[in-house]
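The structure appears below as structure tokens.
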Amino acid sequence: MKQYDLVVIGSGSGLMVLEAALGHGLRCAIVEKAKFGGTCLTKGCIPSKMLVYPADFIREAEMSERFGVKVERPQVDWNTISKRMWEQIDFTKKIRQYLTQQPNLDIYCGRGSFTGPHTMSIRHDDGAEDEEIHGENFVIAAGARSFVPEIDGLNDAGYLTTERFFGDKFPNKLWGHLAIVGGGPVSMEFAHFLSAYGVKITVVERADRILEKEEEEISEFVAGQFVKNGVEILTGCKTTSARTENGKKLLSVESSHGGARTVMCDEILIAAGVRSNADTLSMEKAGIALDPRGWIPTNEYLETSQPHIYALGDINGKYQFRHKANYEAQILANNLFKANEKTAVDYNTVPWAIFTNPQVAHVGMTERELQEKGIAYRSAKNHYSEVVAGRAMGYRAGDGDDGFVKMLAGENAQILGAHIVGAQAAVLLQPFVYLMQTGYHCKNKLERSKTELHMECLKLICPQIGGYASILDSMIIHPSLNELTAWVFEKLEQ
Ligand SMILES: Cc1cc2nc3c(=O)[nH]c(=O)nc-3n(C[C@H](O)[C@H](O)[C@H](O)COP(=O)(O)OP(=O)(O)OC[C@H]3O[C@@H](n4cnc5c(N)ncnc54)[C@H](O)[C@@H]3O)c2cc1C
């Protein structure tokens, strides 16, 4: 049986830890059952954004008449759009090639599952006999896959998931009408780009609103824009069955408020969240119990209940974004190979963006979360139409697409939550992540130091840490959208 210092399962963010281990001369194995690069590169963030950008362009062109530029409805060249997308996915080949050149590394293409706390069996893709390997340490970065809800007749009717869409079922020609089950970030991004390309979209969501994790007013705002663009959104609706008839697919939908209807479409996309890949790993043989939802529990050092097995990324069930997975991989690599002192992961400032049109960006708590936790806060809002840059882009007060920033702040001008809906929301949000991070970073340090004197000194030196005071004291480039996010604090001060 081959022996390794480190076995990494999953070639998404797991590759970052693998590289660090190889850099330290460890003998390593990587186990991957699909394309190298993981979900983000081969069937997630990256290919989807290659489809989002042209769609954004179409939506922007549609509003250009407001500032005096008339454009014909843009013609979509699906072949070119797809080709650009596949070029990104094909980066997987470069990763594979790079890995094959690494000394001290064995590559296993197949599904790994534990046979004991230190042993793993690999079922090879090419049908070769299963192979067992031994690892001193394991990093599980095996991610998640689409969750497919129980819907009568769905298998017979046939359906897509994001994995199939970015895989063997990628359409050479777009459908006339697509039904999407699920109203979360991934489904709404699909609804955005496909509707911009001319596909009629019906979204069926069980909850009473799409994008449930966002501020209620942001969900409502985004839904309004989708409806304006012809997307049908059925909220509070459960998909009960699916069937085919005369070459069409039919979804039966029941509303929680009473009533039922049938959605007739050409294809069904199931994008109703994700489930853990831990069920493929026989974790019980490694002596690790999963949490009730199937995720692998980890502590602040990404350690599982087995001291030599670590888990990071989607599979630990916390904030399923690629930047969070990369952050964890970085912390783990440092803890394992560099630092004298271990660093704990800190999820206080996990930001995210939803690449719909309008974009949504989020960091910190929502107003509802603050209320539930009983935290005192003040809130203020600023609309795009309130700053020159927004007005120049065509946003007008009172219009349905006049997006906004909503800021939530607590004692000592601490930023507790920042939420943006509108053009460039992801870019506009990032400075608040930095500011909040400095605050939490210092707070953590202070709490750990337990030295009263030290704490008092730090507070005296920098009372503004983690707060927005530096924004009020700074010059803001005029006229730019930064005024949208900076001037909201003046409203908070009033
Ligand atoms: C359509 C879509 C769009 C997204 N857009 C964004 C976005 O814009 N921004 C963002 O931050 N996040 C986005 N995400 C989420 C993001 O892709 C994930 O959070 C991220 O890829 C998780 O990384 P990971 O390393 O944990 O797992 P993954 O990248 O999923 O890697 C896990 C790897 O493990 C392999 N594997 C699983 N089980 C086994 C096994 N038993 N044996 C061997 N190999 C195994 C899998 O094949 C996979 O390659 C998107 C996801 C989707 C589906």
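What the table below lists for this structure:
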| read-out | value |
| --- | --- |
| Whichever lysines have a C-alpha closer than 26 Å to that of Lys169, once near sequence neighbours (fewer than 8 apart) are set aside | Lys33, Lys35, Lys43, Lys49, Lys83, Lys93, Lys94, Lys200, Lys238, Lys248, Lys249 |
| For the stretch 171-312: relative contact order, % (alpha-carbon pairs under 8 angstrom, 6 or more apart) | 21 |
| DSSP bridge pairs, the chain: antiparallel proportion in percent, nearest 5 | 60 |
| Cα point-scatterer Debye curve for the stretch 169-253, base-10 log of I(q)/I(0) at q = 0.10, 0.18, 0.21, 0.26 Å⁻¹ | -0.25, -0.78, -1.02, -1.37 |
| Those aspartates and glutamates that a straight Cα-Cα span of less than 16 Å connects to Lys213, excepting residues fewer than 8 apart in one chain | Glu189, Glu205, Glu367, Glu369, Glu372 |
| Virtual spin-label span in nm between Phe67 and Gln3, 7 Å along Cα→Cβ | 6.6 |
| Label zone at Lys93 (point 7 Å along Cα-to-Cβ), backbone N below 18 Å, the stretch 24-60 | 34-38, 41-43, 47 |
| Vicinal HN-Hα couplings computed from phi for the stretch 179-188 (Karplus, 6.51 cos²θ - 1.76 cosθ + 1.60; Hz; Gly/Pro x) | 9, 10, 8, x, x, x, x, 5, 5, 6 |
| Packing rank of 404-412, 236-244, where each peptide gets the mean count of other beta carbons within 10 Å, highest leading | 404-412, 236-244 |
| Exposure proxy order (Cβ contacts within 10 Å, fewest to most) of Met264, Met475 | Met475, Met264 |
| The stretch 72-87 and the stretch 215-252: distance between their alpha carbon centers, rounded to Å | 25 |
| The chain - charge dipole about Cα centre, Lys and Arg +1 at Cβ, Asp and Glu -1, debye rounded to 20 | 560 |
| Label-point gap, in nm, between Lys173 and Thr100 - each point 7 angstrom along Cα→Cβ | 3.7 |
| Protection-proxy order for peptides 420-426, 320-326, 288-294, each taking the mean of Cβ atoms within 10 Å per residue, highest first | 420-426, 320-326, 288-294 |
| Amide hydrogen neighbours beyond the local backbone of His177, cut-off 5 Å, H modeled | Lys200, Asp266, Glu267 |
| CD proxy at 222 nm, helix term only [per DSSP H run n ≥ 4: -39500 (n - 2.57); per residue of the chain; nearest 500] | -10000 deg cm²/dmol |
| From phi via Karplus (6.51, -1.76, 1.60), per-residue ³J(HN,Hα) for the stretch 332-337 in Hz, x at Gly/Pro | 5, 4, 5, 5, 6, 10 |
| Separation of alpha-carbon centers, the stretch 104-136 and the stretch 159-214, rounded to whole Å | 36 |
| ³J(HN,Hα) computed for each position of the stretch 358-369 - Karplus, 6.51 cos²θ - 1.76 cosθ + 1.60, integer Hz, glycine/proline x | x, 6, 10, 9, 8, 9, x, 8, 8, 4, 4, 4 |
| Förster radius 41 Å - calculated FRET efficiency between Asp208 and Thr438, Cβ distance, rounded to 0.05 | 0.65 |
| Ascending count of other beta-carbon atoms within 10 Å, so fewest first, for His362, His308 | His308, His362 |
| Per-residue Cβ neighbour rank within 10 angstrom, fewest leading, Asp266, Asp279 | Asp279, Asp266 |
| Cα-centre dipole for the stretch 257-405 with unit charges at Cβ (Lys and Arg positive, Asp and Glu negative), debye to 20 | 160 |
| Computed P(r) (all Cα pairs; the chain; 10 Å bins; percent) | 4, 17, 25, 26, 20, 8, 1, 0 |
| Rounded Å value of the spacing that divides the Cα centres of the stretch 396-418 and the stretch 274-305 | 38 |
| Burial ranking of peptide ranges 248-259, 179-190, 153-164 (average Cβ count within 10 Å, highest at the top) | 179-190, 153-164, 248-259 |
| Positive minus negative residues near Glu131 (Lys, Arg vs Asp, Glu; Cβ under 15 Å) | -3 |
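Here, each number is a calculation from the coordinates, and none is a lab measurement. Bear in mind the structure is a predicted one, so any value in this text is a computation, not a measurement. All Cβ positions, glycine included, derive from the backbone under ideal geometry; neighbour counts span all protein chains shown.
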